[in-house]
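No value in this document is a laboratory result; all are computed from the given coordinates. Small disclaimer: the values here were computed from a predicted structure and weren't measured. Reconstructed Cβ throughout: ideal geometry from the backbone, glycine too, with neighbour counts over all protein chains shown.
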Amino acid sequence: MSPPEPAMKLELFDIQGIVGRGYGKHSSAAYLLLEVEAPALARRWLAEKVERVHTCEQTPDPDVPCFNIAFTHAGLEALGLDAEALNTFPSELKEGMTEPQRSRALGDESGAADPESSPRHWDWGGTAAGQRPVHLMLMVFAPSEADLATTIAELSVLLRPGGLTLVRRLHTALLADREGGVREHFGFRDAISQPGIAGLHRTTSGQPLVPAGEFILGYENAYGLLTECPRVHHSLDPDRLLPPAEFGTHDLGRNGSYLVVRQLGQRVRAFWQFLDAVSRDPDGVANPQRRVALAARMVGRWPSGAPLVESPIEDDPTRATDNSFGFHQSDPQGLRCPLGAHIRRSNPRDSLDPAPGTAASLAVNATHRLLRRGRTYGPPLSTTFDPDEILRADEGDERGIHFICVNANITRQFEFVQRSWINNSQFDGLLDETDPLLGTRRLPTGRTTDTFSVPGCPVRQRISGLPTFVVVRGGAYFFLPSISAIRYLASLNS
């Protein structure tokens, strides 16, 4: 059952469009990571660009480029935001993704089996000496690569005179399949299970809508409470650009949110090579059917997107977008979809305590949902996503996913999912296992977690020696301000 509409109607005109949509009809996109070099000029640039920032109220024209803007905590400071206001942001934004204790909890540092995932080796946002800071992220969406190039060229001409310099451009490559869906590089249909926001979205393929406050600051969350918002003293907002708040402050966070951005490199050929090796017949002959079936059990869906809970034996493309299913009633022991499969870890649905299989379980799940808005990058190893073609290909260029998620509470949403579900070696009663796709292969204690179990009757299959299939290449936490907050940041004087 869907939650009631928000007590206060969503102010869609003030909410950036990336919250409401992934701009799927804009086939081309890029993320520009920027550094503030001249604060006064950067604020003037913001003032000129704020009217062009796309909102949730606007229906995107598929023929017209559009963009959204987000800021790191260091970026807000560089723009001249008051120190007292900066201190009202949550600790995860202030400390950043690379804070040592947080990095270990996320599986990036110390426990990582692959040192490449350490922030010391990131291409951007990391801790390597001399790496330039990231202050802003400009997300640009366009109907074609030519339009994207033109739009970015126009923006780039204005960057340096606008007090901003380009740190890095993150390219994207939308991987569309023949059925009109979107794939990720391992070959599986993506973007199927997305939460819908109450008051903004109408349907979510059979899944309950999630309270708006889980993704947008200033509205009730799944606990019926307001997530704490960053604020400024009323005296620092003489033009009343921000809505009033308690204790003589103005609300800097209302209608805004937070973005988690992680560049995840995918070792696609290595993934299928491992599956090919462990799925061969006793005589050593390759078994393509068993290979794909094992990959599906690691993911929890077949390559078409069909969930194993509904189609456990073979792929069924007619169920490619099915999302109205649970785990507890239909598959409590993981005989259809393994307990440690990626989709069970990242979205356990109705299998959570205190009352698995009930609305109470779904209510708990709603407090940890993520709204994904990222895109793939790099060329596919096979345009048909055929594992046999991938195995014959040269890994060549870097490829992966720019993982971007919207959440109003980074600790309770993204970090909880990553720490307590993805990298939990004892998730749902398992032992020495983490997510087969994203999980770390070694705990900070040194204990290995490179196994994956496939339950079965009478005997389960336990696969060991899983290598690292996904490597972190960069990342940061961003504040996604409302349109009003962007106007306020543009008005600052320092």
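A cut-off of 5 Å between modelled amide H atoms, ignoring neighbours fewer than 5 places along the same chain, links L371 with V406.
Over the C-alpha trace of the stretch 244-329, radius of gyration and Dmax come out as 21.7, 76 angstrom.
Need one word for the stretch 310-430: rounded, prolate or oblate. Basis is the Cα gyration tensor (sqrt eigenvalues a ≥ b ≥ c); a/c below 1.5 gives rounded, then a/b vs b/c decides. Taking the square roots of the gyration eigenvalues as a ≥ b ≥ c, the stretch 310-430 is oblate. Put simply, the C-alpha atoms of the stretch 296-344 give a gyration tensor, and the ellipsoid matching it has half-axes of 16, 11, 9 Å, longest first. A DSSP coil position with no more than 15 other Cβ atoms inside 10 Å describes the following chymotrypsin sites (Phe, Trp or Tyr not before Pro) in the stretch 179-264: Y223, F247. Label separation (A355 vs E37): 6.0 nm, computed from points 7 Å beyond Cα along the C-beta direction. Cα centroids of the stretch 380-436 and the stretch 166-219: 15 Å apart. Which one of V278, P455, G357 has its Cα pushed farthest toward the positive end of the charge dipole of the stretch 262-474, where Lys and Arg give +1 and Asp and Glu give -1 at the Cβ? Checked the options; the winner is G357. Taking other C-beta atoms within 10 angstrom as a stand-in for reagent exposure, H185, H73, H201 fall in the order H201, H73, H185, fewest first.
Shown in residue order for the stretch 28-42 are the 3J(HN,Hα) couplings computed by the Karplus curve 6.51 cos²θ - 1.76 cosθ + 1.60 at θ = phi - 60°: 10, 7, 8, 10, 9, 8, 10, 10, 7, 10, 10, x, 4, 5, 5 Hz (x for Gly and Pro). Peptides 264-270, 395-401, ordered by how many other C-beta atoms sit within 10 Å of their residues on average, highest first, read 264-270, 395-401.
Length, then width, then depth: along the principal axes, the Cα atoms of the stretch 262-474 run 48, 44, 42 Å. A compact globular protein would have a Cα radius of gyration near 2.2 N^0.38 Å; the ratio found for the chain is 0.97.
For the chain, averaging the sequence separation of C-alpha pairs within contact (under 8 Å, six or more residues apart) and dividing by the residue count gives a relative contact order of 23 percent. Note on the chain: helix-only mean residue ellipticity at 222 nm, from DSSP H runs of 4+ residues weighted -39500 (n - 2.57) and normalised by residue number, equals -5500 deg cm²/dmol.
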